[in-house]
Every structure is written in structure tokens, then in C-alpha cells.
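For reference, the structure is listed below as C-alpha cells.
Only the coordinates and a few stated rules stand behind these numbers; no lab work does. Predicted, not measured: the structure shown is a model, and the values here were computed from it. No Cβ is skipped: glycine too gets one built from the backbone with ideal geometry, and neighbour counts run over all protein chains shown.
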Ligand SMILES: [Zn+2]
């Protein structure tokens with residue numbers, strides 16, 4: 001028993017309420033010192049980050065690239081001494097897809113190499129192709145007749161010219177200021193806005209899928225597009241289509257060749273073509289498409305608990321990325337921090353009471369598929385009477401996630417869970433010198449802690465500095481914009497939070513699930 005007086009006080013409180021107390025929790029300063037020493041003086045976080053971002057590269061869900069990266073992560077977990085290291089299937093995802101080669105050039109009226117990437121789950125070209133690039137502005141069904149029979153063999157400029165966002169060029173570095181942190185802390189109530197009225201879809205307006213199918217039926221050579229809005233950046237996502245069909249081999253082969261291009265190169269072609277001057281392009285795309293449907297997997301590993309080993313504290317980050325760059329910040333940086341946190345805990349010979357489990361998710365970029373499937377299978381969903389909750393639902397203390405870039409932690413978001421405030425605030429005390437001071441009751445969305453939060457389990461995301469550069473989801477997300485000290489500090493904080501959550505007398509209290 002670590003703290004008899006606190007235990008006694010707690011027992012008295014429990015007699016009154018029998019509820020989770022939400023009391024502050026003492027800091028284990030000796031363990032914090034060990035964690036800080038290991039994580040700040042013998043850090044390996046940049047070894048993990050560099051191997052992912054430089055050696056392994058992009059990690060599209062279920063690609064051969066991703067399988068290779070997951071093999072590496074599994075080996076790292078075993079090497080640092082984790083147990084129950086598993087690669088756990090979460091869904092029949094589709095067939096693998098990997099880009100093996102892409103080359104795009106403007107040939108006429110002036111030669112220049114261009115920067116472009118195929119959209120994922122589109123087919124390759126039949127070798128090197130030369131085609132005239134033409135503007136095709138399709139909006140409504142009435143537009144189809146104007147172009148029918150005229151597009152065979154053409155390269156289609158399918159989106160309007162990209163509008164360049166100049167803000168990142170003007171603003172430069174964006175560490176959070178004290179004033180900004182204080183302002184975030186003071187915002188206690190975020191007024192709920194009424195949901196925007198749903199406007200029924202105008203059946204005359206062509207969807208992205210209808211446009212794509214029209215281009216394919218017309219026998220175009222390629223569909224070119226630009227949607228990034230940032231100089232030099234290509235946003236390369238998946239081809240449009242219903243989720244159920246998006247990742248199949250048949251669906252992939254039924255699509256035209258589709259290439260996303262930087263706004264500068266795309267806009268230049270568009271301006272030339274709009275003057276009536278012929279634009280000739282050359283391109284070649286080779287993609288490797290799997291033969292059969294396979295399961296996508298998450299990777300997990302554990303430090304086993306002792307007297308409370310049936311209870312679990314989880315930490316994690318999504319391992320998958322889009323395919324146009326190594327995505328060093330989104331989210332190799334989060335993965336490196338979580339692996340390093342586990343390495344630190346093993347290196348200091350931590351023997352936690354609760355089991356500490358790391359999860360490296362897949363399918364996050366497509367819609368939190370990996371984490372949502374995992375939560376549903378292992379913990380259930382009280383909102384869905386057909387699923388209900390499992391016996392492990394009550395045994396999870398909390399889940400901590402990183403996925404808002406590689407910036408240093410400056411605080412933590414409570415996700416509206418006021419009952420967790422005292423606990424999460426007291427564990428922040430050893431990290432004042434890191435500038436980690438802020439507890440906000442606000443909620444963040446868009447990443448894997450949501451999979452926990454939405455079913456009433458405590459899932460948290462840290463509040464991070466914004467680091468300039470690192471265009472997540474683009475071709476420009478490389479290691480160069482990652483600040484090593486930030487990742488080192490983050491791993492120390494995660495290791496410490498995981499330790500305290502694993503040692504606390506109580507699990508982290510939960511908010512009321514509405
Ligand atoms: Zn992300």
C-alpha cells in the first residue's frame with residue numbers, strides 16, 4: 001500500500017458516494033527521475049523516427065510498404081522486451097496497393113518535369129503515354145453531352161486551378177505563446193452550435209464517382225487533378241468511391257489512371273490550355289495491385305501488470321499514412337514517441353500494477369477503422385444494444401494518443417471529462433520545465449482517441465505546439481521538420497502518464513456517456 005493516509009481518506013469518501021473520487025493523485029518523483037534520465041539522456045526516439053521516415057517510407061493501409069513497416073514495428077517491440085506482441089486483424093480490407101513508379105512531364109509548349117503521384121487504388125498506365133491535356137469542367141449531368149465522344153486518349157485537367165494558401169509563408173514558426181495557452185485554458189464552455197440543415201443533394205450535380213466513371217467510359221488516357229492549395233504540395237488520397245468497393249482489385253482496375261499534381265505545375269498547364277495553346281504531357285505509372293482480399297491489422301504489445309494485471313492502460317498512435325511521402329510527422333512521429341515511451345519503461349525496469357499496452361493502429365486515415373474495430377471487439381459499444389459491452393469495458397483505465405503533428409506537449413485535453421481533471425493535472429507537475437502546463441476541458445476529434453471517447457472510455461490527446469512544415473497527407477512530410485527534443489520530451493511525458501495511470505489506486509474516472 002503506497003499511501004495509507006490517502007487510502008483511509010479515500011475509503012471514507014467511498015463510504016459516502018461509492019463513486020470514483022477524481023481526487024488528485026500523488027506524483028512518483030523517483031520513477032519520474034528514472035524516466036526523465038532514460039528518456040532525455042539515452043533517447044532512441046529519433047532512431048525509431050528515422051527508420052520509419054527514411055528507411056521504410058510511406059505506410060498506406062494494407063500496402064506491401066505497410067506490411068514491411070509492421071514487420072519492423074513487431075521486431076522493435078520484441079527487442080525492447082514487450083510481451084504479447086501481436087498483429088491483430090481488424091477487417092477484410094481489400095487488396096494491397098503500392099505505387100512502384102511514377103513520372104510526369106510537360107512536353108509542349110515548353111519542357112518541364114512535373115511533380116505528381118497517383119491516387120491510391122487506381123491502376124497504372126500501359127507504359128509511357130503521351131497525351132494532349134484538355135480542360136474538362138464537368139458540373140452537372142447536362143455537361144456530359146458536350147464532352148461525350150471527344151475525350152478518348154486525352155489527359156483531363158479535371159479540377160479548377162488550385163488556389164494557393166499563402167498563410168504558411170507569412171507566419172513562420174508557431175510555438176504556442178503563454179497568452180494563447182491561457183486563453184485555451186479559460187475557454188470552459190464551447191457553445192454547441194445547431195447542426196447545419198441538411199441540403200438534399202441535387203441529382204443534377206455530378207458526384208466525384210460519376211465524373212470518374214464518365215472519364216473511364218470515354219477512354220481517357222489519364223485524369224489529372226490538383227487539390228492541395230499549398231506551394232509544392234501534392235495531396236494524394238484515394239480514388240473517389242463507395243467505401244465497400246474502394247479497396248477491391250476489380251474497383252481499382254475499373255478506374256482510370258488518376259494523378260494528383262502540384263498546384264504550380266497543374267495551374268500552369270491549365271492557364272496555357274485556357275489560352276487555346278496545345279498542352280502535351282507524358283506520364284507513366286506503375287502500381288502493384290494485390291490478387292486477393294486480405295485482412296488489415298493493428299500491432300500491439302504489452303508490459304504485463306502485477307496485482308491489477310487484468311486492468312489496462314493503453315497508449316498509441318496510427319501507424320498508417322497516405323502514400324505520397326514517408327509522413328514523418330503524420331504519424332511516424334506519434335509512433336516513435338509511443339515506442340520510445342514503452343522502451344523507457346522497460347529500460348527503467350518498470351513493474352506496473354496494471355498492464356500497459358501499446359497500439360499502433362492502421363486504417364486511421366480512411367476513417368479510424370483500426371481503432372474503432374479494436375474498441376468494438378475488445379470493449380464493446382454501450383450505444384449499440386446489439387453489441388453491448390464486454391467484461392473488459394470496466395477494466396480499461398485510459399487511452400493516451402498522439403496525432404497532432406510532432407510538436408511538444410504543452411498540456412492535455414480533458415475531452416470534457418471533468419472527473420479526470422484532478423488526476424491528469426497532478427501528473428503534469430514534473431513537466432513544468434518542458435512548458436507543459438495546460439489542462440483544457442475542450443475536446444479534439446479526428447483521430448484514434450475518439451474511438452474510445454465515443455463509447456464512454458477515457459481517451460485523451462495531448463495539446464501540442466504547432467511546428468511549421470511537415471505537410472501531413474502530402475508529398476512533403478519528411479523528417480527535416482521534426483524537432484528531436486520535442487519527441488524526446490513527449491516520450492518522457494507519455495511514459496510518466498502511463499506509469500501513473502498504471503499505479504494509481506483507481507482507474508481514471510469516466511465522464512457521463514450521453
Ligand atoms: Zn494523423
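Using all Cα-Cα distances in region 244-351, what percent lands in each 5 angstrom bin from 0 up to the longest? For region 244-351, the pair-distance distribution reads 2, 7, 11, 12, 12, 12, 11, 9, 7, 6, 4, 3, 2, 1, 0, 0.
Summary value for region 392-503: 39 percent relative contact order, contacts being C-alpha pairs under 8 angstrom separated by 6+ residues. Radius of gyration (Cα atoms) of region 412-454, expressed as a multiple of 2.2 N^0.38 Å: 1.24. Between 0 and 90 degrees, the angle of helix 29-41 with respect to the longest Cα principal axis of the chain falls at about 30 degrees.
Beyond 21 Å, the tail of the calculated P(r) for region 65-154 holds 62 percent of the Cα pairs. Distance between the pseudo-spin-label points of residue 145 and residue 42 (7 Å out from Cα toward the beta carbon): 7.7 nm. In the chain, Cα pairs under 8 Å separated by at least six residues give a relative contact order of 24 percent.
Rounded to the nearest 10 degrees, the angle from helix 208-217 to the longest Cα principal axis of the chain is 40 degrees. Take every DSSP beta bridge whose two residues both sit in region 348-500; close to 45 percent of them are antiparallel. Please work out, to two decimal places, the log10 of the ratio I(q)/I(0) at q = 0.15, 0.18, 0.27 Å⁻¹ from a Debye calculation in which every Cα of region 435-514 carries one identical scatterer. Per q value, in the given order, log10 I(q)/I(0) is -0.76, -1.02, -1.40. Packing here is the average count of other Cβ atoms within 10 Å per residue, and on that basis the peptides 50-56, 444-450, highest first, run 444-450, 50-56.
Taking R0 as 35 Å, what FRET efficiency do you get between residue 217 and residue 166 from their Cβ-Cβ distance, rounded to the nearest 0.05?
Values: r = 39 Å, r/R0 = 1.11.
Using R0 = 35 Å, I get an efficiency of 0.35.
Comparing region 316-383 with the 2.2 N^0.38 Å rule of thumb, its C-alpha radius of gyration ratio is 1.31 (two decimals). Rg and Dmax, both from the Cα atoms of the chain and both in Å, are 25.2, 84. Between residue 33 and residue 204, the FRET efficiency estimated from the beta carbon spacing at R0 = 45 angstrom works out to 0.10. Could you give me D for region 288-350, from Stokes-Einstein at 37 °C and 0.692 mPa s, where the hydrodynamic radius is the Kirkwood radius over C-alpha pairs? Units µm² s⁻¹, please. Translational diffusion coefficient: 227 µm²/s.
DSSP beta bridges fully contained in region 282-389 are about 45 percent antiparallel.
Modelled spin-label separation between residue 271 and residue 245, with each label point placed 7 Å from Cα along the Cα-to-Cβ direction: 3.9 nm.
Averaging 1/r across all pairs of distinct Cα atoms in region 213-290 and inverting the result yields a Kirkwood radius of 14.3 Å. Dividing the helix sum by the residues of the chain, where each DSSP H run of 4 or more adds -39500 (n - 2.57), gives a mean residue ellipticity at 222 nm of -8500 deg cm²/dmol. Please give the helix 4-17 orientation as an angle from the longest Cα principal axis of the chain, in degrees from 0 to 90, rounded to the nearest 10. Helix 4-17 sits roughly 70 degrees off the main axis of the chain. Here the peptides 317-323, 461-467, 32-38, 104-110 are ranked by packing, the mean other Cβ count within 10 Å, and the order with the highest first is 317-323, 461-467, 32-38, 104-110. Rg of the Cα atoms in region 303-449, relative to 2.2 N^0.38 Å, amounts to 1.10. Among rounded, prolate and oblate, which fits region 376-514 when a ≥ b ≥ c are the square roots of the eigenvalues of its C-alpha gyration tensor, a/c under 1.5 means rounded, and a/b larger than b/c means prolate? In terms of gyration-tensor shape, oblate.
Pair-distance distribution P(r) for region 189-324, from all Cα-Cα distances in 5 Å bins starting at 0: 2, 6, 10, 13, 15, 13, 12, 10, 7, 5, 3, 2, 1, 1, 0, 0 percent.
Taking a quarter of the surface of the Cα convex hull of region 15-121, what do you get in nm²? That works out to 14.7 nm², a quarter of the Cα hull's surface.
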